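The values are calculated or read from the model by the stated rules, or taken from the named source; none is laboratory data. What you are looking at is a predicted structure, and each value in this text was computed from that prediction instead of being measured. Here the Cβ is made from the backbone with ideal geometry for all residues, glycine too, and neighbour counts use every protein chain on show.
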């Protein structure tokens, strides 16, 4: 009976050869019913790995992975602005580490010691220190062997307090990775033949209560069933991070970024960040008022707020008030906050736009590392 079931699974994959992937929302249940060797074979036959993502309630989305043998489970944020991979260690001396799952290499039979020091700095203020370790990691039922990562001993990171993630996995370019003797997770997966292409994509469902589609990180490709029309491709202008050019931005009669401006996507932030003068102009036009440091909008006026248009790759991508207003449910009331935020770190950041998950919820984005480009289309 089991052999018959496996045969049916393989046949379904062959029938779906054009997409080379298992239908949405079935791959995880199939993988759970297969032994680990069959799971690995199934992944190689499709070349695509789909990892469910969960909203952390604040800014970002996390997915579950395991490290070591036997597996130790961790919730991980996937960062497209960095290439580092780190996890909190059982040796972590910071108080906030006790609130998280911690990697214990003494309990893993596949652990390989590597005592080279590891350090990382977020936003020029949040510092992590530790050492490099090597072990097998597992993403959505697929083993990635001999993967090196930072095992963190001290964390000076305000954001790590009272959050649902235990570490961060970067999927930007190798050129910004300072540990050149080791492989990035995504690069390692490609080299091991686990992925059909050096491409990944994000689907963040903005209406989870109205749709059966789940938030996903797709490694190895993209899924046409998750977006409308065709992807519009934009070349990456700097092969370190996923930086591209916005041709122009319009809201009502105001034209911003008239001569083009640089931008990046950021999966670790919810809001849309830009030059302070442009952000002030947008918030004025949508009627946002500064109330105790928050830019508040009348919730009853959201449906009448102006559209904002981003011109990318010669195409127009719009955001409505429903997209760019963040609703916070409070006792007996709802607070509505503008998602537009002024940049506050460094000269380079002051002139650049950062399109966070408010944008990524509305638009499906493919990141093509082979051709140095990003593809954008309206998400379903």
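Only a single item in (1) within 25 Å of residue 364 (Cα to Cα); (2) touching a residue at least 24 places away in the same chain (Cβ under 8 Å); (3) surrounded by 18 or more Cβ atoms within 10 Å (Cβ to Cβ) is not met by residue 311, and it is number (3).
What residue, among those in segment 318-334 that are part of a strand (DSSP E or B) and in contact with a helix residue (DSSP H, G or I) (Cβ under 8 Å, 6 or more places away or on another chain), is surrounded by the fewest Cβ atoms within 10 Å (Cβ to Cβ)? By that ranking, first place goes to 334. Among the residues making up segment 343-367, a single one is at pLDDT 95 or above and in a loop (DSSP other than H, G, I, E, B): 356. Residues considered: 302, 249, 234. Of these, the only one that is over 23 Å from residue 364 (Cα atoms) and either in contact with a strand residue (DSSP E or B) (Cβ under 6 Å, 6 or more places away or on another chain) or assigned to a loop (DSSP other than H, G, I, E, B) (or both) is 302. For the criterion of being within 26 Å of residue 58 (Cα to Cα), assigned to a helix (DSSP H, G or I) and touching a residue at least 60 places away in the same chain (Cβ under 8 Å), residue 263 fails.
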